[in-house]
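Report on the structure given below.
The values are calculated or read from the model by the stated rules, or taken from the named source; none is laboratory data. Quick caveat: nothing in here was measured; it's all calculated off a predicted structure. No Cβ is skipped: glycine too gets one built from the backbone with ideal geometry, and neighbour counts run over all protein chains shown. Side chains included, ligands, DNA and RNA excluded: accessible areas come from the protein's heavy atoms. Shrake-Rupley method; radii C 1.70, N 1.55, O 1.52, S 1.80 Å.
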Amino acid sequence: MSAPNKSFDPVEVSTLAPVYLDQQVTAALDAIANASDLDELKAVRLLHTGDRSPLALANREIGALPPAAKAEAGKRMGQARGAVNQALEVKTAELEAKRDEQILLTETVDVTAVSELSLRGSRHPLTTIQEQITDVFLALGYELAEGPEIEAEWFNFDALNIAPNHPARTMQDTFFVEHEDSGLVLRTHTSPVQIRSMLNRELPIYVVCPGRVFRTDELDATHSPVFHQVEALVIDKGITMADLKGTLDHFAQTMFGAGIVTRLRPSYFPFTEPSAEVDLQCFACRGASVDNPSAPCRTCRSEGWIEWGGCGMVNPKVLVACGIDPDVYTGFAFGMGLERTLMFRHGITDMRDMVEGDIRFTRAFGLGG
Ligand code: DAH
């Protein structure tokens, strides 16, 4: 800033001279008029009104003028800056409008365009239920065990104490792998995974074994040549039927709701002794439909119980076949069909719905991705 000067007339300070100011205003107005977008205008604004712009520098000179000259110079400066600021304002509004128009043009959405909506697949409820069941047992400390679908006859039958003349071993039930004495079958149940677990794992054993099984059934509303089972096996010291019953009840409750229990009916399986059929308390009517014709139950056909699977204490002969001392260790096992479980849990009446792979079926289970 110049030193105070009492005698100067504003006209004599070159940067405050009207001609100079007019030049600056003209230059600023030209630059403003020529700015073609907001970025350019921002640069122009800085150049012509910023701290180091000619007008700002000239403005500082006013302070050095004698008091009499200040008013006059200030007025001129005010007019000059006012003209530039007003032009800036008008141009800003103009360029903003131009930009908005451009955005509207380039970001146009054609709401009438045909969408390329591709349907996403859906997880099959059988996959989901297998995972649910596996999770229930993993949470109890069990391990997941798996075995091959093409299985040695010995694992599928002999080691399970199923005698050579047992009806299950006939061609009517079992898919034999060519040639006839290959010794291989498509496993007819998940129970051979019990044998593999006992042979391969350290004691004690707590395993859950879901998987695909095969039988020579025609596909109809209640049968499929390919279906799924889940098996559980426990071998430990001091295991009793009370453990079996408690585990089944826990399983039933996680799948069907609090308070649902199971019932064991004496039965026969070669690989368990004693053996039982597992019935599930009807989760729909909880037994209320029994002998009550006014409130029939479709889920259990008003019987109060639903057949669910088979179970028992592992036959000592099976333990011995797997090299486990039945005087030290005991165990239980159970197995059930997953299609059947899904059918009564969800009121599915035709097995074929689960086989055909129509995603309208799986979608009904509300399963995405
Ligand atoms: N494997 C039997 C079947 O397919 C079901 C079964 C019954 C499994 C009793 C078991 C069991 O583990 O203890 O019919």
| note | Ala252 meets each of (1) under 33 Å from the mean Cα position of the chain (by Cα); (2) under 20 Å from Glu153 (Cα atoms); (3) not in a loop (DSSP other than H, G, I, E, B) with one exception, condition (2)
| query | Out of all the residues in the range 222-247, which are outside any loop (DSSP other than H, G, I, E, B), open to solvent by less than 10 Å² (accessible area, probe 1.4 Å), out of contact with any Pro (no Cβ under 8 Å at 6 or more places or on another chain) and over 14 Å from Thr134 (Cα atoms)? | reply | Leu244
| remark: Going through the range 203-216 in order, the residues found to be within 11 Å of the ligand (Cβ to nearest atom) and either more than 31 Å from the chain's Cα centre (by Cα) or assigned to a loop (DSSP other than H, G, I, E, B) (or both) are Arg215
| task | Look at Thr170 and say whether it is free of Cβ contacts under 8 Å to residues at least 60 places away in the same chain, in the same structural domain as Phe251 (by TED's automatic domain parsing) and in contact with a Ser or Thr (Cβ under 6 Å, 6 or more places away or on another chain). | result | no
| request: Mind listing just one residue for me: the one in the range 300-318 that is touching a strand residue (DSSP E or B) at 6+ places or on another chain (Cβ under 6 Å) and part of a loop (DSSP other than H, G, I, E, B) and, of those, surrounded by the fewest Cβ atoms within 10 Å (Cβ to Cβ)? | output: Asn315
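Quick grid of which residues meet (1) farther than 18 Å from His189 by Cβ; (2) in a helix (DSSP H, G or I):
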position	(1), (2)
Ala288	yes, no
Asp291	yes, no
Arg298	yes, no
Asp327	yes, no
Ala333	no, no
Arg340	no, yes
| field | Qualifying residue in the range 332-343 (condition: touching a helix residue (DSSP H, G or I) at 6+ places or on another chain (Cβ under 9 Å), under 28 Å from Thr262 (Cα atoms) and more than 16 Å from the ligand (Cβ to nearest atom)) | value | yes
| message | Whether any residue in the range 281-304 is assigned by TED's automatic domain parsing to the domain that holds Tyr206 and closer than 30 Å to Asn156 by Cα is what I want to check. | response | no
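Yes or no, residue by residue, for (1) more than 13 Å from the ligand (Cβ to nearest atom); (2) at pLDDT 95 or above; (3) closer than 28 Å to Leu264 by Cβ; (4) open to solvent by less than 70 Å² (accessible area, probe 1.4 Å):
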{"position": "Phe155", "(1), (2), (3), (4)": "no, yes, yes, yes"}
{"position": "Ala163", "(1), (2), (3), (4)": "yes, no, yes, yes"}
{"position": "Thr174", "(1), (2), (3), (4)": "no, no, yes, yes"}
{"position": "Glu180", "(1), (2), (3), (4)": "yes, no, no, no"}
| Restricting the first residue to the range 268-295 and requiring it to be open to solvent by less than 60 Å² (accessible area, probe 1.4 Å), which pairs with a second residue that is acidic (Asp, Glu) meet a Cβ separation below 6 Å and a spacing of at least six or different chains? | Asp279/Glu307
| said: If I ask for residues that are among the small types (Gly, Ala, Ser) and part of a loop (DSSP other than H, G, I, E, B), which ones from the range 179-202 would you list? | reply: Ser182, Gly183, Ser191
| query | Of Leu186, Leu219, which residue is of a type outside the set (Val, Ile, Thr) and open to solvent by less than 60 Å² (accessible area, probe 1.4 Å)? | reply | Leu186
| request: Output the qualifying pairs, or none if there are none: Cβ atoms under 7 angstrom, residues six or more apart or on different chains, first residue in the range 45-66 and surrounded by fewer than 13 Cβ atoms within 10 Å (Cβ to Cβ), second residue in a helix (DSSP H, G or I). | output: Gly50/Ala56
| task | Return the only residue of Ala159, Ala168, Ala145 being modelled with pLDDT under 95 and within 22 Å of Leu319 (Cα to Cα). | result | Ala168
